[in-house]
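Visitor: The structure is given below, and queries will be raised subsequently.
The values are calculated or read from the model by the stated rules, or taken from the named source; none is laboratory data. Note that the structure is a prediction, hence the values are computed from the model and not measured. Methodologically, a virtual Cβ is constructed for each residue, glycine included, from the backbone with ideal geometry; neighbour enumeration extends over all protein chains shown. Quick note on the areas: whole protein, heavy atoms, side chains included, nothing else; ligands and nucleic acids left out. Shrake-Rupley method; radii C 1.70, N 1.55, O 1.52, S 1.80 Å.
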Amino acid sequence: YFLDKSDKYDSRDVERLQQDDKWVENYLIWRHDVVDDTLKMIDESFQWRKEYTVNDLSESVLPKWLFEIGALFLHGYDKEGYKLFWFKVKHHTRDPKQQLEKKKLVAFWLEHYAKRDHGKPLTVVFDMAETGISHIDLDFVRFIVNCFTDYYPNFLTKIVIFEMPWIMNAAFKIVKGWLGPDAISMLKFTNKSDVQEYISGEYLPPHMGGTDSFKYSYPPLVDDDFQTPLCENGPITSEDEHESKEEIDADTKEAGELNEAQNLNQKKMNSIEQISKSEETDKTEVKPKNAKKALTTFKGPLLHISPAEELYFGSKETGEKKCLIVLTNVTKNVVAFKVRTTAPEKYRVKPSNSSCEPGTSLDIIVSLHGGFAASLQDRFLIMAAEMDQSSGAGVPELTQFWKEVPRTKVMEHRLRCHVIESSKPSSLTLKDNAFNIPAKTNEDLHIQLTHLLQINRRLEEQMNRCLWFQQLSVVLSLLSVTVAAFCFYLANGQRS
């Protein structure tokens, strides 16, 4: 395909395909591991991506009015934790002159999300309340469907259609004809009484029976995820104002114990990593490109963040309400950081806005506030940027720094929440009023076992070399004694 159609592909897509195994895997999954079908889908999607200049789509190249009408946007999560892609059908009108630009808007949002959340699947919501014949646009609907079936592999979880007017039944019979059997099974026709089977009320607007007070506006782009910074003492309520000094002291003491234990663990891991790295330099074979990588640490350009993807909280029954995030500064400068969340009323973070010295690690304790419980929809955002050596690290300096730092120089990393039903958490988790060594996942144990096997093999090699030198020394000693005895014998023979 590439030899015949290289001029029809964007070279950036080809390069990504050669380097991003996950992308290839998604194509294969979406085409049930049939290689010929997968190649055909890659070919078609690559041609489409170049035709719509997907890699270059931005706010500046699309008309502002497209964003202002609010027909398409990302907001909220379904009950499985997947992002919601909203299509407010009542704001859409058919206009052949504007069709290409509207299609590019769809591609913009999908690519914007794919780059931000690394291709995590979406749930599409067609909100058809207050719609009629004038809003039917089968060509545009078909384009949206094709984006998920043909151009963005393994990117769709389900299509929730809310209050479809009976007059549109015939139109959607046509739409079903465009979908394969897998996609048809993802269609969920809902109304006000059953839509909360898929989306909880906190992310549904009032006309859908929910309590979400979100109102779309532009600019800026909809980024409902992380609007409010976290406070170290949680949300400002009367409960916080009367918080006892004993609780604050306990938290401080706990953080100190945590730092001490973490430093010991860090030293142990550093020694293991140094041995592993020294062994890797001895190897001459090339590692396979698709070798499995550890998922416990995100290695960013400024900070290494552990855990890499999810914070594990216990359910109300298990009682674990605190988690640990470890930041490691891998630069030669001070790195400022701050933490935001989608649910600032639930969490407190210590520290939430601070800095990390070059080459050092810093622990952040995330704890649930009051009687709240973590949910799969909760997200955390860690923002980081390098500071000049001359800049101070106090609160006023950090506040001014975040006002002035360019967006392009800010590293962002997102963490999801995971609720553990069992009593054995599988990540860095802290119980109330006590420090607990985190339980290990199978992958953590596998990595540590691999390290131990590497160390063992290295020691065996050193012992074998020592034995070889010892045997060589014995042989040389015997040979020396033999030569000396022979020389002594010849000398005595000559005298006699």
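Visitor: Name the residue that is farthest from Asp378 (Cα to Cα), counting only residues in region 193-203 that are in a loop (DSSP other than H, G, I, E, B) and in contact (Cβ under 8 Å) with a residue 40 or more places away in the chain.
Guide: If we take residues in region 193-203 being in a loop (DSSP other than H, G, I, E, B) and in contact (Cβ under 8 Å) with a residue 40 or more places away in the chain, then Tyr198 is farthest from Asp378 (Cα to Cα).
Visitor: I need the full set of residues from region 75-130 which are of a type in the set (Val, Ile, Thr) and either in contact with a Gly (Cβ under 6 Å, 6 or more places away or on another chain) or without any contact (Cβ under 8 Å) to a residue 60 or more places away in the chain (or both), in order please.
Guide: Hits for region 75-130 are Val89, Thr93, Val106, Val124.
Visitor: Specify which of the listed residues (Ser423, Ser480) is modelled with pLDDT under 85, farther than 22 Å from His304 by Cα, of a type in the set (S, T, N, Q) and open to solvent by 70 Å² or more (accessible area, probe 1.4 Å).
Guide: Ser423
Visitor: Of Trp23, Trp48, Trp65, which residue is free of Cβ contacts under 8 Å to residues at least 40 places away in the same chain, of a type in the set (A, V, I, L, M, F, W, C), assigned to a helix (DSSP H, G or I) and out of contact with any strand residue (DSSP E or B) (no Cβ under 8 Å at 6 or more places or on another chain)?
Guide: It is Trp65.
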